[in-house]
């Protein structure tokens with residue numbers, strides 16, 4: 001089954017019902033389906049066919065969704081891209097995926113134009129300049145099942161992003177499992193404030209809502225006070241966010257003269273980064289709602305979730321495996337740990353991606369006997385039906401504001417500066433972002449540079465969320481006998497210096 005076809009079938013069932021309300025403008029399911037088909041005809045006229053890659057870099061908008069589902073419907077493979085990516089990053093994604101079409105707008109294109117102009121086989125489509133075609137015949141859904149629907153890039157420890165190839169079946173299985181776990185229905189109203197280029201906002205929130213026949217109220221950007229007001233005034237039942245957003249909602253609650261009436265709300269859901277024990281309990285104390293935390297990643301979609309019944313949600317726990325997912329917790333040798341002991345979390349199920357795009361060796365490293373090695377450390381509580389808890393990450397991943405950042409990518413940029421001898425990037429706990437990116441720098445002899453200038457250097461090559469929030473200068477980086485940088489010692493030194 002083609003994913004876009006499923007959504008089209010939902011649209012037929014709920015034709016006259018509001019599907020998406022974006023910044024005050026309403027599209028019914030019939031409107032949405034008709035536009036997706038017209039956008040599909042426009043893409044086909046450009047010669048894009050089954051298996052071609054279509055990269056989409058647009059600000060959050062209804063058009064992003066039109067292009068996304070239109071591309072999938074004709075069998076093309078979508079690469080969603082963060083509007084904050086710099087030209088050098090865009091070039092990598094376009095060339096690594098061998099994209100045939102790049103959909104963007106005038107502003108973003110003007111920033112990337114000089115960097116991508118050498119990509120002679122790439123067609124560029126500017127949103128403001130499109131001449132939309134009308135779908136004149138029945139749309140033929142060219143792909144489905146284990147064929148690839150999306151390539152979602154996730155950072156790698158080598159400093160180069162890996163493209164997770166996600167099939168139609170991966171997306172459908174995950175969507176249906178969440179539909180069951182969260183009891184989605186056509187009566188739900190989702191308030192959507194997440195980015196659309198990210199799997200959380202696109203494959204979990206938007207896709208889940210459209211599949212259920214629910215209504216999605218979509219904001220272009222997150223504004224705490226507006227969220228509280230809309231949840232109360234627009235009969236919302238579901239809200240999804242990352243811990244950074246929940247912290248800002250907590251902060252805003254205190255300043256509200258009139259506290260919102262949330263009696264129609266069913267679920268406040270959190271993901272993309274660990275929710276702290278303090279945030280969990282503070283939010284419940286203020287609002288009366290226990291946040292439902294779940295566990296997912298780019299390569300697998302959602303793996304586990306706390307239960308809908310509030311009494312079955314626990315702080316620091318990501319709940320239980322979804323219906324399509326199997327979980328193991330293993331020792332370094334691949335054997336199962338003793339019950340309730342910490343080990344690496346392995347996942348198997350219909351939700352697990354097909355492999356890393358054009359990286360067979362990386363794909364082989366990621367799987368053992370059909371089990372995907374997540375790199376996350378956790379344990380299952382033997383006294384609570386094997387409830388899953390995550391305690392850390394085996395990889396050097398930093399999650400800041402819900403976005404994944406790998407230190408090596410930033411270190412490569414820092415060390416490209418002529419004054420920098422070596423660098424080490426770590427994540428430090430932060431109340432607002434969960435973790436903040438911090439760098440330690442050792443200069444070359446006789447050279448130096450101001451922290452602000454080095455951060456500006458990073459921003460020329462990296463998305464803002466990847467750039468260090470603070471830079472510390474050291475004589476040398478701590479290393480062990482094998483020459484490996486000891487980041488745990490470095491973190492202690494930095495925390496002591498900054499306290």
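The numbers here are math on the coordinates, done by the rules we state, and not lab data. Model, not experiment: these values are computed from the prediction. Here the Cβ is made from the backbone with ideal geometry for all residues, glycine too, and neighbour counts use every protein chain on show.
Kindly rank 417-424, 65-72, 198-205, 329-336 from highest to lowest mean number of other beta carbons found within 10 Å of each residue.
On the way: 417-424: 17.4, 65-72: 26.2, 198-205: 24.4, 329-336: 12.6.
By packing density, highest mean first, the sequence is 65-72, 198-205, 417-424, 329-336.
The simple spin-label model puts a point 7 Å past each Cα toward its Cβ; for residue 140 and residue 98 those points are separated by 2.3 nm.
Quick check on packing: order 253-265, 78-90 by the mean number of other C-beta atoms within 10 Å, highest mean leading. It would help to have the intermediate numbers written out before the result.
Working: 253-265: 11.8, 78-90: 20.6.
Averaged packing, sorted descending, gives the order 78-90, 253-265.
Which of the three applies to region 189-393, rounded, prolate or oblate, going by the alpha-carbon gyration tensor with a ≥ b ≥ c and a/c under 1.5 meaning rounded? Each step should come with its number before you reach the end.
Details: a/c = 2.35, a/b = 1.63, b/c = 1.44.
Prolate, because a/c is 1.5 or more and a/b exceeds b/c.
Summed over all non-identical Cα pairs, the Kirkwood treatment of region 161-250 gives a radius of 13.9 Å. With the simple spin-label model, which puts each label point 7 Å out from Cα in the Cβ direction, the residue 187 to residue 495 separation comes to 4.7 nm. Length gained on full extension, residue 369 to residue 421, computed as 0.36 nm times the residue gap minus the Cα-Cα distance: 14.5 nm. Extension gain, residue 130-residue 486: 0.36 nm per intervening residue step, less the Cα-Cα distance, totals 122.9 nm. Please list, by residue number, everything in region 221-245 whose backbone N is under 19 Å from a paramagnetic label point 7 Å out along Cα→Cβ of residue 431. Hits in region 221-245 for residue 431 at 19 Å: 224-225, 242-245.
Out of the DSSP beta bridges found with both residues in the chain, what percent are antiparallel (nearest 5)?
Working: 53 of 84 bridges.
So the antiparallel bridges amount to about 65 percent of the total.
Here r is the Cβ-Cβ distance between residue 256 and residue 459 and R0 is 51 Å; the resulting FRET efficiency, rounded to 0.05, is 0.90.
For 307, 58, 388, 132, what's the fewest-to-most ordering of other Cβ within 10 Å of each Cβ? Please list the in-between numbers first.
Working: 307 15, 58 20, 388 23, 132 10.
Ascending number of Cβ neighbours within 10 Å: 132, 307, 58, 388.
For residue 285 and residue 316 in one chain, what is 0.36 nm times their gap in residues minus the Cα-Cα distance, to one decimal in nm?
Values: separation 31, 0.36 × 31 = 11.16 nm, distance 1.64 nm.
This chain segment gains 9.5 nm when fully extended.
As a test of the formula, what do you get for the chain when each DSSP H run with n ≥ 4 contributes -39,500 (n - 2.57) and the sum is divided by the residue count, at 222 nm and rounded to the nearest 500 deg cm²/dmol?
Details: 14 runs with 150 residues, N = 499.
Calculated at 222 nm, the ellipticity per residue is -9000 deg cm²/dmol.
When the Kirkwood radius is taken over all Cα pairs of the chain, what Stokes-Einstein diffusion coefficient follows at 25 °C and 0.890 mPa s, in µm²/s?
Numbers: Rh = 23.8 Å.
Approximately 103 µm²/s, per Stokes-Einstein.
With both labels modelled 7 Å from their Cα along Cα-to-Cβ, the residue 412 to residue 50 distance reads 3.5 nm.
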